[in-house]
Amino acid sequence: MNFHSIDYLLFLPVVVALYYATPQRFRWLVLLLVSNVFYGSWRLEFLPLLWLTTGIDYAVGRVLPGVESRWRRNALLALSLSSNLGLLLFFKYFALAANTTMSLWSGGEPGAFEPISIILPLGISFYTFQTLGYVIDIYRRRREPERHLGYFAVYVMYFPQLIAGPIERPGHLLPQLRRKHLFDVRLAAAGGAMMLIGYFKKLVIADRLAEVVPGVLSAPQDHSPLAVILASMGSIYQYYADISGYADIAIGSSLILGIRLTRNFNRPLAAASISEFWQRWHITVTTWFRDYVYMPIARAGRGRWRKPAATLLTIAIISFWHGAAWTWLAAGLIAGTVMILEGAVRRNRGLAKATRSVLGAVGLGDRGVRLVQDNSNRLVLWLFLILLGSLVNAADWSAAMRIWMRMGELPGQVGGLAFSLADIGFVPRTVLLAIVGLEIYQWLDARRPVFERLADRGLPTAWAFYYAVAAAILVLGTFDRSGFIYFNF
């Protein structure tokens with residue numbers, strides 16, 4: 001059952017009605033049942049795997065506080081880590097490791113072996129991290145365990161965020177599940193409006209870009225260098241619109257039930273550096289890795305290189321988590337290296353002073369200096385994003401090289417002034433206008449929520465705006481794509 005299916009649009013109102021019609025003490029049961037129906041509608045055979053993870057981490061969490069022996073506590077933590085990460089590594093990375101090994105064994109000859117493929121259980125990365133964070137917090141004595149199995153199961157399986165996040169922390173979600181929520185028309189309207197924007201991102205922008213961008217990157221020799229670069233940038237925007245669209249629908253669906261999920265995206269493409277980009281992109285994932293991967297590594301070592309090493313390793317893992325391919329790992333290593341360099345430059349007072357002196361000598365004041373610095377960082381960010389867009393769309397390293405070689409011909413195109421509308425013509429004009437419209441909406445929303453702006457102008461204005469968005473989705477959207485990108489994560 002996909003968020004953008006008729007089934008879900010019929011499912012959600014039924015859930016809302018059942019939830020508010022049920023006495024508070026049984027609402028957890030409603031959420032648990034509908035969450036299992038939601039997950040089981042995809043592949044019923046993976047539902048026991050979800051319950052296995054839930055049961056192990058519930059039991060470990062209950063036992064940990066009463067255990068004082070250090071080795072026994074470590075053994076319990078190891079049980080949780082090995083069971084959760086073992087399943088995740090098997091389903092997500094076993095095929096990559098096996099196919100790489102067979103490719104090396106066969107000398108890389110095409111058709112020398114039949115590649116292995118394993119179906120990835122939907123949402124396994126997200127619910128694994130959510131339960132692991134819960135157990136680690138109890139192990140660190142930072143929270144008490146949830147004693148009610150039903151509430152803990154809902155915490156793990158809550159249907160809006162089960163498949164692709166946000167990854168919730170127990171201190172944020174569990175208390176809300178116990179709280180009595182009364183139906184709030186304004187909150188439900190805000191949730192519905194957020195869902196509508198999510199559908200616009202997904203159906204009008206992401207899925208339309210998915211129809212045209214891969215064709216350019218799979219045959220770069222048939223397109224101009226500028227078109228290939230724009231397609232790589234379009235690929236990143238497709239990822240953003242698809243993934244943040246899912247998050248908007250998830251957060252909006254939950255808001256109708258009165259339960260607030262954590263914000264997951266904060267205009268990452270408006271970031272001024274790679275470091276800031278990761279702070280704005282899938283926030284619950286990056287903060288999870290910060291707390292449970294980066295901080296332990298950074299604190300464990302000694303010397304000046306422990307934090308840079310922790311940064312490089314953490315960003316590489318985040319990137320490899322996004323895609324089970326060596327190209328994703330390479331992108332992570334590049335991003336981590338650039339982040340380390342960014343930090344070194346930012347902390348180098350002598351270099352900063354020299355830069356200000358040089359820019360001041362040519363007539364730029366403090367404001368001009370800041371503008372140059374910010375745009376220099378943005379240039380580095382977008383060069384990385386272009387590289388990332390090519391890497392994640394390349395079938396292998398040779399395909400990536402073909403893309404890069406074609407991009408490298410851009411100076412010749414610029415020198416010959418060989419530009420035409422065909423360079424951007426592969427993207428429908430309606431999609432370009434939709435992107436511009438979304439960026440304006442997000443720019444306004446970042447300063448003051450658009451929902452509040454419209455509410456202040458009265459119902460006719462608000463309804464007119466959202467009817468226009470709904471009409472754009474119905475007229476311009478595509479409805480024949482099966483799922484969201486993060487279903488592969």
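Numbers at a glance
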quantity	calculated
Helices (runs of 4 or more DSSP H) contained entirely in the stretch 251-308, each with at least 1 residues that are buried (at least 20 other Cβ atoms within 10 Å of the Cβ)	274-280, 283-289
Selection count, the stretch 48-74, where residues are touching a helix residue (DSSP H, G or I) at 6+ places or on another chain (Cβ under 8 Å) and of a type in the set (D, E, K, R)	2
The stretch 43-77, subset of a type in the set (Phe, Trp, Tyr) and surrounded by fewer than 17 Cβ atoms within 10 Å (Cβ to Cβ), residue farthest from the chain's Cα centre (by Cα)	Trp71
Filtered residue count, the stretch 432-489, keeping only those that are assigned to a loop (DSSP other than H, G, I, E, B) and at negative phi	12
Residue among Arg402, Arg406 that is over 23 Å from Thr100 (Cα atoms), in a helix (DSSP H, G or I) and among the basic types (Lys, Arg)	Arg406
Condition met for Ser83 (surrounded by 14 or more Cβ atoms within 10 Å (Cβ to Cβ) and modelled with pLDDT of 90 or more)	yes
Of all residues in the stretch 204-226 being touching a Phe, Trp or Tyr at 6+ places or on another chain (Cβ under 7 Å) and crowded, with 22+ Cβ neighbours inside 10 Å, the one that is modelled with the highest pLDDT	Leu209
Any helices (runs of 4 or more DSSP H) falling wholly within the stretch 139-238 and containing at least 2 residues that are more than 30 Å from Leu76 (Cα to Cα)	185-199, 207-218
Residue check for Arg72: free of Cβ contacts under 8 Å to residues at least 24 places away in the same chain, charged (D, E, K, R) and more than 29 Å from Gly483 (Cβ to Cβ)	yes
Test set (1) within 30 Å of Gly477 (Cβ to Cβ); (2) among the aromatic types (Phe, Trp, Tyr); (3) over 29 Å from the mean Cα position of the chain (by Cα) - Phe38 fails condition number	(3)
Any hit, the stretch 222-240, residues being touching a residue at least 12 places away in the same chain (Cβ under 8 Å), of a type in the set (A, V, I, L, M, F, W, C) and within 23 Å of Asp445 (Cα to Cα)	yes
Close pairs from the stretch 1-26: first surrounded by 14 or more Cβ atoms within 10 Å (Cβ to Cβ), partner of a type in the set (Asp, Glu), Cβ under 9 Å, at least 6 apart	Met1/Asp7; His4/Asp207
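The values are calculated or read from the model by the stated rules, or taken from the named source; none is laboratory data. Bear in mind the structure is a predicted one, so any value in this text is a computation, not a measurement. Here the Cβ is made from the backbone with ideal geometry for all residues, glycine too, and neighbour counts use every protein chain on show.
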